[in-house]
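Chemist: Sharing a structure here in structure tokens format.
The values are calculated or read from the model by the stated rules, or taken from the named source; none is laboratory data. Please read all numbers here as calculations on a predicted model, not as lab measurements. Cβ coordinates were reconstructed from backbone atoms using ideal geometry, including for glycine residues, and neighbour counts include every protein chain displayed.
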Amino acid sequence: MRKADALEGERRTIRVLVVDDHVTVREGLAAILARQPDMEVVAEAANGREAVALWRLHRPDVVLLDLRMPVLDGIGTIDRIRSEEASARILVLTTFDTDVEISGAIKAGAKGYLLKDAPRETLLDAIRRVDSGETIIPAALVTKLASGVSFDALTTREQDVLTLVARGRSNKEIASALMITETTVKSHLRSVFAKLRVFSRTEAIAAASRRGLVHL
């Protein structure tokens, strides 16, 4: 047997669980991975709850995970899997790059974070590197994450007020919904504006959307 053939026979196959709620994306990813000689798709899941159950069943080497999914989202899925196995290797693949989602996934224990528009070879390389124990976050996302860290975190009530502002509610409507006074609403808004470094409701909504604090 040739040496190259022997090495080929010794190659370890990376077992991957693909998780995405969009069937065309999920099947497309599975098809790409199935063509790789060193990868095997052991299962596919359409939501976080399915992902956790299939992870328990198959114990894959790498979980390729979307973030925004029904039933249980990506960060919740990471939390549940890593509560059972802290060394679980999870690579997030998503269309969302807000600093809140990036930091949330990394804090939960994701070993990598890629956007879905990444080239195929970049994705395949990331799976191999995460499998080998590396942490993969593109430089552009690291920069975005670092810029978000410089902002002060909103309090729960400030987040509530900001969410209602994004829904087009007036100060009076916000006060009624949260059972506080309009003066208190204005006070919270001043704090929100200062923390987001903006000067108007429109700017606040735009900044909050970029950071993932509200979803429009």
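Chemist: Which residue pairs have Cβ atoms under 9 Å apart, sit 6 or more places apart or on different chains, and have a first residue in region 192-216 that is over 10 Å from E158 (Cβ atoms) and modelled with pLDDT under 85 and a second that is assigned to a loop (DSSP other than H, G, I, E, B) and hydroxyl-bearing (S, T, Y)?
Modeler: Cβ pairs passing all conditions: S209/T98; R210/T98; R211/T98; G212/T98.
Chemist: With (1) out of contact with any helix residue (DSSP H, G or I) (no Cβ under 8 Å at 6 or more places or on another chain); (2) touching a residue at least 24 places away in the same chain (Cβ under 8 Å) as the list, and T122 as the residue in question, which single condition is left unmet?
Modeler: Here T122 meets the rest and fails (2).
Chemist: Those residues that are crowded, with 16+ Cβ neighbours inside 10 Å and either modelled with pLDDT of 90 or more or β-branched (V, I, T) (or both), I need them from region 130-148; list them, please.
Modeler: V130, D131, I136, I137
Chemist: Here are L141, L72: which of them is part of a loop (DSSP other than H, G, I, E, B) and in contact (Cβ under 8 Å) with a residue 12 or more places away in the chain?
Modeler: L72
Chemist: Have a look at V63, V42, V52 and point out the one that is over 20 Å from L123 (Cβ atoms), in contact with a Lys or Arg (Cβ under 8 Å, 6 or more places away or on another chain) and not basic (K, R).
Modeler: V52
Chemist: Something else now. Scanning region 54-91 for residues that are of a type in the set (A, V, I, L, M) and out of contact with any strand residue (DSSP E or B) (no Cβ under 8 Å at 6 or more places or on another chain), which turns out surrounded by the most Cβ atoms within 10 Å (Cβ to Cβ)?
Modeler: My answer is I75.
Chemist: Report whether or not V23 is in contact with a Lys or Arg (Cβ under 9 Å, 6 or more places away or on another chain) and among the β-branched types (V, I, T).
Modeler: Working: in contact with a Lys or Arg (Cβ under 9 Å, 6 or more places away or on another chain): no; among the β-branched types (V, I, T): yes.
When the stated conditions are applied, V23 does not pass them.
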